[in-house]
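Here is the structure we will look at, set down as structure tokens.
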Amino acid sequence: EPWQQRYIDYFKLTFLLIGINTVDLLSCKPSDYKEGRLQYQRAKTGRLYNIKVEPEAAELIQKYRGDRLLVNFSEGRTSYHNFTGKCDKGLKSIGVVEQVENPKWKEGSRKHRYIIKRTAAFPGLSIYWARHTWATIAFSLDIPDETIAAALGHGHGNKVTAIYIDKSIAKVDEANRRVIDWVLYEKK
């Protein structure tokens, strides 16, 4: 339904940005998006992230451009939790929609004769699935664990050794493009 498109688009944008966490995406400012990259500090860890914004994500950012924030999903809300709850509820309602006769309706009653019945396609769907799905698909495409971990901002392997390795952002960019191409265009 038209009201659900906003939540579907938010899910897509989260996925296209390597499963970016809700608090981070909804806190980004227009100034965080420059030269085709989204550069922001992760709320949970304080770590600096730098994600290449692919054209499909750029299109959604443009569609939902905010006034003071990068995207307008949470503008006018008290917290990102408020939007996340509504988004998760909206995502869970996506599926088959039927108009059925209202069992409480009687001739002359004020109740509506027909009501909407929804059968969720994915009853457990939440915005966090975007992050898990990105990682799962990346793994299925044989993208190395180290690259997936770097893309998600996770540590990998030996912490001491990790400080000597310059993680290539180009590998993360390439991994994201491969995941997007497989999901949207069936290109492995």
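The values are calculated or read from the model by the stated rules, or taken from the named source; none is laboratory data. Every value quoted in this text rests on a predicted model; they were computed, and no experiment measured them. Cβ coordinates were reconstructed from backbone atoms using ideal geometry, including for glycine residues, and neighbour counts include every protein chain displayed. Surface accessibility is based on the protein's heavy atoms, side chains included, excluding ligands, DNA and RNA. Shrake-Rupley method; radii C 1.70, N 1.55, O 1.52, S 1.80 Å.
Would you tally the residues in segment 1-18 being among the hydrophobic types (A, V, I, L, M, F, W, C) and exposed (fewer than 15 other Cβ atoms within 10 Å of the Cβ)? Matching residues across segment 1-18 total 2. Residues that are open to solvent by 10 Å² or more (accessible area, probe 1.4 Å) and touching a residue at least 60 places away in the same chain (Cβ under 8 Å) within segment 19-33 comprise Asn21, Thr22, listed in sequence order. Looking only at residues of segment 103-115 that are within 19 Å of Glu1 (Cβ to Cβ) and of a type outside the set (Phe, Trp, Tyr), we find that the one that is least open to solvent (accessible area, probe 1.4 Å) is Ile115. Across segment 63-96, the qualifying residues are those that are over 19 Å from Phe122 (Cα atoms) and among the hydrophobic types (A, V, I, L, M, F, W, C), and the one among them that is most open to solvent (accessible area, probe 1.4 Å) is Leu69.
If you scan segment 34-62, which residues turn out to be at pLDDT below 95 and crowded, with 18+ Cβ neighbours inside 10 Å? Hit for segment 34-62 is Tyr49, nothing else.
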